[in-house]
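J.: Have a look at the structure that comes next, please.
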Amino acid sequence: MIQGFAYFHAIVYRDEHPEWVDYALKVSQKYFDAQASESVMCQTDHMGNDPDMKFLTNYLLSTGHDILTSQGYDMNRYELYISGLWGQEVKGHGGTNVDVHKNSQLCGWFFLEASEGGSYPVYYDTRVNKQMIELDFLPNDEVTNATSTIHFNNIVPGTVLLANSWMQHQLTPNMTKKPTKSIHFMISHRDKSCSICRRLMLNQLNLLFGGKALLTKKSLTGYKSEPLKLIKERKSVVILMVNVYRKSAVPMCRG
């Protein structure tokens with residue numbers, strides 16, 4: 001008998017945290033109020049830097065680390081950070097387009113308000129070449145190799161969904177008068193720098209600048225202070241300095 005092997009899995013992760021809903025609604029309300037609109041789709045500003053959202057960002061970073069580790073990635077070389085955390089309110093007949101999130105590893109939702117017939121997430125088949133010669137498939141309640149979409153129409157307040165950011169997803173049109181409210185998020189990565197190499201870099205930069213106390217993170221990331229003039233005179237160390245001090249930079253060493 002012929003054997004079949006399944007490769008290149010696309011995984012959606014689900015968790016339930018109803019105990020966080022009331023607090024998250026309270027914290028996020030000021031962001032929704034700031035975006036008060038008659039539009040059927042409301043999206044707030046970034047909430048990831050709000051200390052009151054620390055309970056959620058810490059959970060997402062820890063869970064994201066575990067997910068990527070379980071997928072086989074060497075997470076000893078990377079650190080994760082929340083690159084996007086915003087509220088979404090989908091009113092009657094509102095929804096979102098099919099989307100992916102570049103420059104991030106994981107994304108998902110934490111649902112705060114959800115009702116039957118309301119907006120819910122759909123994930124799309126990641127095998128893009130399959131669409132070129134797709135066959136009609138039999139209606140089936142089971143997920144098969146022919147399945148092209150996965151519908152999470154059973155979300156409830158407290159549901160958390162996470163998936164790799166390259167998975168296409170959307171929120172369906174809300175067919176009720178009750179809004180569907182959620183917190184949408186993105187988790188990105190940056191390389192970890194080697195502490196030994198970082199000290200060597202700092203020593204080298206200190207020598208290049210004549211031992212002057214100019215190497216402050218604030219001054220170098222701002223590009224508005226005296227070190228900028230010195231950088232222009234020593235173009236060979238521009239990349240080195242940027243990699244040491246910029247938050248989103250890729251360090252020179254990954255040892």
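The values are calculated or read from the model by the stated rules, or taken from the named source; none is laboratory data. Keep in mind that this is a model prediction, so the values were computed, not measured. Glycine also receives a Cβ, built like all others from the backbone with ideal geometry; neighbour counts cover every protein chain displayed.
J.: Counting only residues that are in a strand (DSSP E or B), under 26 Å from Phe8 (Cα atoms) and among the charged types (D, E, K, R), how many does segment 111-161 have?
T.: Total meeting the criteria: 0.
J.: Might you check whether a residue that is surrounded by fewer than 16 Cβ atoms within 10 Å (Cβ to Cβ) and at pLDDT below 95 occurs anywhere in segment 102-112? Outline the logic, then answer.
T.: Quick first cut of segment 102-112, residues surrounded by fewer than 16 Cβ atoms within 10 Å (Cβ to Cβ) only: 102-103.
Applying the additional criterion that residues be at pLDDT below 95 yields 102-103.
Checking segment 102-112: at least one residue is surrounded by fewer than 16 Cβ atoms within 10 Å (Cβ to Cβ) and at pLDDT below 95.
J.: Same structure again: Do we have any residue at all in segment 97-117 that's within 18 Å of the chain's Cα centre (by Cα) and free of Cβ contacts under 8 Å to residues at least 12 places away in the same chain?
T.: Looking for residues that are within 18 Å of the chain's Cα centre (by Cα) and free of Cβ contacts under 8 Å to residues at least 12 places away in the same chain, one finds none in segment 97-117, hence no.
J.: Quick one: what pairs do we get from segment 17-32, first residue closer than 13 Å to Asp50 by Cα, second buried (at least 18 other Cβ atoms within 10 Å of the Cβ), C-beta under 6 Å, 6+ apart or different chains?
T.: Short answer, once both residue conditions are applied: Ala24/Leu112; Ser28/Gly87; Tyr31/Thr44; Tyr31/Met47; Tyr31/Gly87.
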